[in-house]
1. In region B:168-199, how many residues are in contact with a Phe, Trp or Tyr (Cβ under 6 Å, 6 or more places away or on another chain) and at pLDDT below 95?
2. Pull up region B:47-84, narrow it to residues that are among the polar types (S, T, N, Q) and assigned to a loop (DSSP other than H, G, I, E, B), then point me to the one that is nearest to B:GLY192 (Cα to Cα).
3. Determine if region B:285-303 includes at least one residue that is under 30 Å from B:PRO363 (Cβ atoms), outside the structural domain of B:ASP168 (by TED's automatic domain parsing) and assigned to a helix (DSSP H, G or I).
4. Out of all the residues in region A:21-51, which are among the aliphatic types (A, V, I, L, M) and either in contact (Cβ under 8 Å) with a residue 60 or more places away in the chain or assigned to a helix (DSSP H, G or I) (or both)?
5. Tell me the residue from A:LYS37, A:LYS33, A:LYS59, A:LYS25 that is under 12 Å from the mean Cα position of the chain (by Cα) and more than 14 Å from every other protein chain (Cβ to nearest Cβ), please.
6. For B:ILE171, state whether it is within 14 Å of chain A (Cβ to nearest Cβ), β-branched (Val, Ile, Thr) and assigned to a loop (DSSP other than H, G, I, E, B).
7. Within the bounds of region B:34-47, is there any residue that is in contact with a helix residue (DSSP H, G or I) (Cβ under 8 Å, 6 or more places away or on another chain) and either in contact (Cβ under 8 Å) with a residue 60 or more places away in the chain or not assigned by TED's automatic domain parsing to the domain that holds B:GLU138 (or both)?
8. Taking only region A:1-15 into account, find how many residues are within 25 Å of the chain's Cα centre (by Cα) and either in a helix (DSSP H, G or I) or more than 7 Å from chain B (Cβ to nearest Cβ) (or both).
Amino acid sequence: MKLKNWKEVVPGAVVTEAGSALKFKTGSWRSSKPRWKEENCIQCLFCWIYCPDMAVKVKDGKRAEFDYDYCKGCGICALECPGKKGQKAIVMEEEGK
Amino acid sequence: MGKIVAATGNEAVAEALRQVNPDVSSAYPITPATDIMQRFTSFVSNGKVKTEMILVESEHSAMSGCIGASAAGGRVMTATSSQGLALMWEELFIASGTRLPIVMALVNRALSAPLNIHGDHSDGMGARDCGWIQLWSENAQEAYDNTIQAFHIAEHMDIRLPAMVCLDGFIISHSIERIEYLEDDKIKNFVGEYKQLNPLLDLEHPVSYGPLILTDYYMEYRKAHDEVMSKVSKVVLDVAKDFEKISGRKYGLFETYRLDDAEIGLVILNSAAGTSKDVIDEFRSRGIKAGLLKPRLYRPFPYKEIGEALKGLKAVCVLDRADAFGGSYGPLFIDIASSLYPYKERPVLFNKIYGLGGRDYMPAHAEQVLSELVEAAKTGKVKQIKEYIGVRE
């Protein structure tokens with residue numbers, strides 16, 4: 001993406017374009033990564049509600065894969081996940097392993 | 001024809017604000033600015049203005065309220081002094097960096113400690129580089145006129161920056177002077193309808209204010225701010241021309257008094273300029289070519305224009321009603337020295353610190369400085385570059 005010069009920036013750093021956070025991929029900040037174990041998922045969608053970004057995707061009302069472009073690895077989804085019979089549907093794993 | 005009244009500086013500023021009738025004001029009282037907002041809140045209570053008045057719990061909140069209201073899309077103003085301005089510190093930069101044309105009356109007062117409530121420029125000088133426009137006023141009439149013009153300058157579509165109107169605490173804020181108020185409809189037409197750039201409350205065009213700007217863009221915003229600052233002088237002069245049409249009063253970037261053929265000159269801000277002019281007349285009557293320069297637009301500082309106006313003099317004394325701690329010179333002196341730096345031929349320059357904490361600046365002080373200037377012009381030498389005057393040794 002070509003960066004704007006000082007003559008092109010909006011006065012006062014006002015963001016005039018809706019949804020422009022999409023352009024700012026923050027997944028590279030991650031040091032641990034959530035992994036979805038579908039077999040333990042009860043489709044409660046708590047992970048989707050609790051995700052502070054929009055890194056949990058939902059398709060046709062059902063839990064879909066993580067969007068790792070935006071997941072910063074905060075681990076909230078894994079913490080909130082009730083899982084099935086004591087088995088978490090989201091587990092955190094170290095990046096690079 | 002306007003109305004001639006006897007009014008204090010604070011009363012005059014409050015009257016200007018009534019006539020401008022801003023959408024929102026968010027304020028917190030502090031001596032000696034309290035009186036402005038006290039009078040203004042009476043206008044609000046009595047239905048004289050349509051302003052939404054937000055009474056907050058501190059100046060930090062006062063300026064925050066102004067920022068929110070301005071971003072939302074309103075014409076906004078407030079007033080403060082000294083510690084109040086100091087408490088607004090981080091918001092001052094947010095207001096200017098966000099390019100919000102808030103107008104604020106700053107009734108200049110000394111900073112603590114030691115605690116002091118009187119006229120002194122250390123508050124305004126401390127905030128001189130916070131990205132705001134600063135207009136300084138010698139008397140109540142100038143404070144009134146500058147307040148009205150400040151809205152027009154700040155809100156100009158080429159500028160969009162907050163503006164501070166400075167007047168001396170007590171000396172001007174609480175002293176009664178003869179002053180001319182213009183008619184309400186003239187002021188209403190002069191300031192016109194307010195239009196915010198990218199208002200938060202425009203639901204058709206949703207925007208976000210205050211994003212995180214990192215290393216890849218921060219410098220571009222700062223450069224853009226600096227560039228806007230360089231356009232302020234022209235707008236100030238244009239607005240002054242328009243203001244002259246409705247008031248008959250002339251304003252520039254600075255005022256010169258008997259300076260054209262002067263050999264020695266004083267540079268001094270605000271109320272003490274009045275006292276100095278009297279003494280300059282006295283020196284002139286003795287055949288001494290003395291003059292004065294009083295900056296009006298202090299930020300952005302018109303370095304080039306002031307340099308041009310002073311370069312031909314033999315000796316100049318800059319009087320500061322604030323010190324810049326750090327073993328250096330007073331803030332106004334530093335700016336004047338910078339404005340003269342580009343010239344090979346320039347006057348000898350010295351700096352006097354006067355009137356701190358409201359200490360009286362008397363004609364005798366101006367006489368002392370002018371006599372020293374006569375000597376400096378003759379010898380081309382300065383005995384001491386910076387010195388406190390009116391202080392017990």
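1. Number satisfying all stated conditions: 0.
2. Taking region B:47-84 as the starting set, the residues that turn out to be among the polar types (S, T, N, Q) are B:51, B:58, B:61, B:64, B:70, B:78, B:80-83.
Still in the running and assigned to a loop (DSSP other than H, G, I, E, B): B:51, B:58, B:81.
Details: B:THR51: 16, B:SER58: 31, B:SER81: 28 Å.
Ranking the qualifying residues of region B:47-84, first place goes to B:THR51.
3. Here is the first cut: in region B:285-303, the residues under 30 Å from B:PRO363 (Cβ atoms) are B:285-299, B:301-302.
Those left that are additionally outside the structural domain of B:ASP168 (by TED's automatic domain parsing): B:285-299, B:301-302.
With the extra rule that they be assigned to a helix (DSSP H, G or I), the set shrinks to B:285.
Within region B:285-303 (the criterion being under 30 Å from B:PRO363 (Cβ atoms), outside the structural domain of B:ASP168 (by TED's automatic domain parsing) and assigned to a helix (DSSP H, G or I)), the answer is yes, since at least one residue qualifies.
4. Result: A:ALA21, A:LEU22, A:ILE49.
5. Values: A:LYS37 fails: under 12 Å from the mean Cα position of the chain (by Cα); A:LYS59 fails: under 12 Å from the mean Cα position of the chain (by Cα); A:LYS25 fails: more than 14 Å from every other protein chain (Cβ to nearest Cβ).
Among A:LYS37, A:LYS33, A:LYS59, A:LYS25, only A:LYS33 is under 12 Å from the mean Cα position of the chain (by Cα) and more than 14 Å from every other protein chain (Cβ to nearest Cβ).
6. On the way: within 14 Å of chain A (Cβ to nearest Cβ): no; β-branched (Val, Ile, Thr): yes; assigned to a loop (DSSP other than H, G, I, E, B): yes.
Judged against the criteria, B:ILE171 is not a match.
7. yes
8. 1
The values are calculated or read from the model by the stated rules, or taken from the named source; none is laboratory data. Being a predicted model, the structure only gives us computed values, none of them experimental. Positions of Cβ are backbone-derived with ideal geometry, glycine not excepted, and every protein chain shown enters the neighbour counts.
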